[in-house]
Amino acid sequence: MIALIVGWLKTVALEVQLYARLLGATTRGIVTPPFYRHDIVEQFDAIGVASLTVVLLTGFFTGAVLALQAGLTLDTFGARPVVGRLVSTSMILELGPVLTALMLSGRIGSGIAAELGSMVVTDQINAMRALGTDPVRKLVVPRVLAGVFMAPVLTVVSDFLGIVGGWMVARFQLQVATGLYWSSIRRLYIQDLEMGLIKPFVLGFVIVTIACHVGLRTTGGTQGVGRSTTEAVVAGSVGVIAVDFFLTRILISLLY
Amino acid sequence: MVQEVAHREAGGQILDEPELPVVVFDHVSLAFDDKVVLKDVSFTLLPGHTKIILGASGAGKSITLKILLGLLKPDAGTVWVSGRRVDDLSEEEMMAVRANLGMVFQEGALFDSLTVRENVGYRLYEETKLPLEDVDRRVEEVLGFVGLGEFSERMPSELSGGQRRRVAIARAMASKPKILLYDEATTGLDPITAMTVDDEVVKLRDIETVTSIVVTHQLRDAFYIATHAAAREEDGAITIGAADREKEQESEFLMLRDGLIVFEGDADALRHSKDEYLKTFLS
């Protein structure tokens, strides 16, 4: 039993060490040449633009269902007119960043792990190194940059669509006047917006770095690629939820 | 020999001298946990010569190439490539050494999202500042050399196994490396296709004077490479025929068994070896 625990702790320590080394190499790759600009643009498109549909749909329906549920509860207190504020605050502070990050974890986390994992098991990563290219600079850095900068953009889009979804339910189901709905949103604090915008930068970073780490550590052929894909999604999703908690705690103490 | 190479490196000289080895393995050992994969392996390779590393699966053949290329670090011993000690170099320092090395991986390891042209010109497009026209010209030249000139816009998935290996050879030679490493370049290919790959190895060695290390467990391919030579005719055509005795001796066999060198010598010595393991392996 003790041997099992020691073995598990060693594995965890090794993974943390390798993850930290990847973060170090990625940081070096971001600030020092060579830069692979073409790959960076390609990843902004693959991670950002291609994720738009799933994020739009998630944001819209989340806002809509939130308004629907909140309407029932708020009726108890006769507070139906503030449904707009509840939807917007929930979307901007929490649901927008976290749900967008979870969607990205499922879509791009799995994609990155599968792609890098396949390249590892077919020796393409070794071939790349043999041809004089650092795989971290060529493959990881563009994905990390795209994840860090596109996650906030997608989150803003998701927030907006969520509020629109909430408005549609509020207007046509709950019979809340449009002016009342939108005016209640204006009562948001600037700190709320700051928190809603800071979070996705960090969450985007977490998703992509975890996926790259898991992908580059793939062993065991095609079966290993499947395993890595699952691990990337699971670890990325848990990472998003956990980091969101600690980040929220820090931001509350810093911003409010 | 090792001291001589070390002395030249200390003097900052680039080794391009025919009498000095371009590759030196000096008492190299490597183990993964409890599994020893190389035990005290030492050998040298002269410029323009061929080292053919034979052995059963798991004997440590591919590991030898990976150590040479700096993809793995040995636990003990020293490795020299083109007069530079490489076993203690960082990944970034190793990039400069790799400019002189080309490797053909098992199964080719072509980048499956790139076309044949992009694969072959990868190093030149990505890691050099050569004008695009020059790179395109070089890509056409090497694809012509391996007889795949008309396949440049195809994706790797559209090629046969033999064509993929030849593209991998073209990719490895595109930047004109002085040393080419072949890791099971003919494994899984039918004999006729394998011979076309062997011909490319012989042509590169004799026409482009590339130093070669060939890792294989296919005896037929190993002996073909060791006993054949390529020559350019007056009309520019390249012909391949039986090598003379002197040429044959430029190809040296190295047999690995469980990480240990059990034989080192030319094709003739290997054929006439009395060692039971070698006889079994050759039978």
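Bear in mind that the values in this text are calculations on the coordinates, not laboratory data. This structure is a prediction, so every number in the text was calculated from the model and none was measured. In this analysis, Cβ positions are derived from the backbone assuming ideal geometry, glycine residues included, and neighbour counts consider all displayed protein chains.
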Members of the stretch B:121-150 that are within 11 Å of chain A (Cβ to nearest Cβ) and either touching a strand residue (DSSP E or B) at 6+ places or on another chain (Cβ under 6 Å) or crowded, with 16+ Cβ neighbours inside 10 Å (or both): B:121, B:122, B:123, B:124, B:125, B:126, B:127
Residue A:125 within 14 Å of another protein chain (Cβ to nearest Cβ) and under 19 Å from the mean Cα position of the chain (by Cα): no
Subset of the stretch A:125-168 (residues that are crowded, with 22+ Cβ neighbours inside 10 Å and small (Gly, Ala, Ser)): A:127, A:130, A:146, A:147, A:151, A:158, A:162, A:165, A:166
Failed condition for residue B:47, given (1) part of a loop (DSSP other than H, G, I, E, B); (2) touching a residue at least 40 places away in the same chain (Cβ under 8 Å); (3) within 13 Å of chain A (Cβ to nearest Cβ): (3)
Residue match in the stretch B:105-118 (condition: of a type in the set (Lys, Arg), facing chain A (nearest Cβ under 9 Å), under 22 Å from residue A:125 (Cα atoms) and not in a loop (DSSP other than H, G, I, E, B)): no
Given (1) part of a loop (DSSP other than H, G, I, E, B); (2) more than 9 Å from chain A (Cβ to nearest Cβ), index of the condition residue B:70 fails: (2)
Residue match in the stretch B:80-90 (condition: surrounded by fewer than 17 Cβ atoms within 10 Å (Cβ to Cβ) and either more than 10 Å from chain A (Cβ to nearest Cβ) or outside any strand (DSSP E or B) (or both)): yes
